[in-house]
1. With the condition kept exactly as written, say whether any residue in the stretch 58-66 is assigned to a strand (DSSP E or B) and either surrounded by fewer than 16 Cβ atoms within 10 Å (Cβ to Cβ) or at pLDDT 95 or above (or both).
2. For the stretch 10-35, which residues satisfy the criterion of being more than 11 Å from the chain's Cα centre (by Cα), at pLDDT 95 or above and surrounded by 14 or more Cβ atoms within 10 Å (Cβ to Cβ)?
3. Checking Gly22 against (1) in contact with a strand residue (DSSP E or B) (Cβ under 8 Å, 6 or more places away or on another chain); (2) in contact (Cβ under 8 Å) with a residue 40 or more places away in the chain, only one condition comes out false. Which one?
4. Looking only at the stretch 36-55, which residues are among the aliphatic types (A, V, I, L, M) and open to solvent by less than 40 Å² (accessible area, probe 1.4 Å)?
Amino acid sequence: MKCHVCGGSLRNIVTDLPFKVGETAIVILNGLPLLQCENCREFLIEDAVMARVEAILDKADASVELEIVRFAA
């Protein structure tokens with residue numbers, strides 16, 4: 001698969017990503033699988049993974065300032 005920004009090659013990696021879920025609430029997903037460009041570092045979250053991310057974020061407590069959740073594959 002090619003990067004939509006620079007055309008470089010995408011590779012599978014596992015990383016941590018923050019998501020803002022409220023005015024002051026952030027959820028960090030730990031161990032998130034995604035595709036990252038070897039050139040420009042742009043990343044892509046595949047549809048199946050994003051569906052699980054959305055389900056996790058829907059359950060997040062927006063009143064908590066910071067929450068860290070392990071993304072179990």
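1. yes
2. Leu10, Ile26
3. Among (1) in contact with a strand residue (DSSP E or B) (Cβ under 8 Å, 6 or more places away or on another chain); (2) in contact (Cβ under 8 Å) with a residue 40 or more places away in the chain, the lone unmet condition for Gly22 is (1).
4. First, the residues of the stretch 36-55 that are among the aliphatic types (A, V, I, L, M): 44-45, 48-51, 53, 55.
Within the stretch 36-55, Ile45, Val49, Val53 meet the criteria.
The values are calculated or read from the model by the stated rules, or taken from the named source; none is laboratory data. Since we're looking at a predicted model, the values are computed, not measured. Positions of Cβ are generated from backbone atoms using ideal geometry, with glycine treated the same way; all protein chains shown enter the neighbour counts. The accessibility values were calculated without ligands, DNA or RNA, using every heavy atom of the protein model including side chains. Shrake-Rupley method; radii C 1.70, N 1.55, O 1.52, S 1.80 Å.
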